[in-house]
1. In nm, give the distance between the simple-model label positions of Thr171 and Arg139, each being 7 Å from the Cα along the Cα-to-Cβ direction.
2. So what's the angle, to the nearest 10 degrees on a 0 to 90 scale, between helix 51-61 and the longest Cα principal axis of the chain?
3. Can you give the relative contact order of the chain as a percent, counting alpha carbon pairs under 8 Å and 6+ residues apart?
4. Using only Cα atoms and rounding to the nearest 10 degrees, what angle (0 to 90) does helix 68-80 make with the longest principal axis of the chain?
5. Rounding to the nearest 20 debye, state how big the charge dipole of region 1-157 is about its Cα centre with +1 on each Lys and Arg Cβ and -1 on each Asp and Glu Cβ.
6. Let's test this: bin the Cα-Cα distances of region 3-97 at 5 Å from zero up to the farthest pair and state each bin's percent.
7. For region 18-177, what class follows from the C-alpha gyration tensor (a ≥ b ≥ c being the square roots of its eigenvalues): rounded when a/c is under 1.5, otherwise prolate if a/b is larger than b/c, else oblate?
8. Tell me, what does the Kirkwood hydrodynamic radius of region 113-170 come to in angstroms if you use every pair of distinct C-alpha atoms?
Amino acid sequence: MSDKSALASRYAQAVIEAMVDRWQSALGAVESALSSDSALSSLMKDSTKSLDEKTKALEAALPDGASAEVANLLKLMVQDGSTDLISGVSAALGKVASGRSGPVKAEIVSAVALSEPEQEQIRSNLTAQHGADLVFNFRVDPTLLGGLRVRVGDHLTDTSVVSRLNSLRDTLMTSSR
């Protein structure tokens, strides 16, 4: 990557972080108002109140200078009855901005079925390495002959016997030429 391209990427990342910070700040203010203002919280739960009343009350909780897009999101959340998800949306924004938009698939393939304690050990090791947002899938593939093939997201670790044999074969083939 060229120096100019790297610099452009850093500027773009700074813009994204600033946007996410503004969104999280606005949503945090609304969430704080919902948790500290019992009247506002009751209003959101009151099925006899109109969507317009609820929306105006939430918009009043927005900090000065909050964007129209944030207000529109709140209107949509009021319509959907999803105002309880405001903190979740804020947290998800942070994950998306950092490139982690959701759970990551962890696929563990072994030559033989793993016992529950073995699976739990692998789960705890991978969670320590990659974080708690992992979804585990254990499979058996006898063609591995032994060892494991572990894929977490786009990262592959292959310690299978068949992989080692293939690597040894390739090394012998290149050294004999």
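Read the figures in this text as sums done on the coordinates, not as results from a lab. On a predicted model such as this, the values are computed, not experimentally measured, just so you know. In this analysis, Cβ positions are derived from the backbone assuming ideal geometry, glycine residues included, and neighbour counts consider all displayed protein chains.
1. The two pseudo-label positions are separated by 2.8 nm.
2. 80 degrees
3. RCO, the chain: 17 percent.
4. Roughly 90 degrees between the two axes.
5. In total the dipole reaches around 360 debye.
6. 2, 13, 23, 22, 14, 9, 6, 4, 3, 2, 1, 0
7. Working: a/c = 4.57, a/b = 2.90, b/c = 1.58.
It comes out prolate by the Cα gyration axes.
8. Values: mean 1/r = 0.0793 Å⁻¹.
Computed over region 113-170, the radius equals 12.6 Å.
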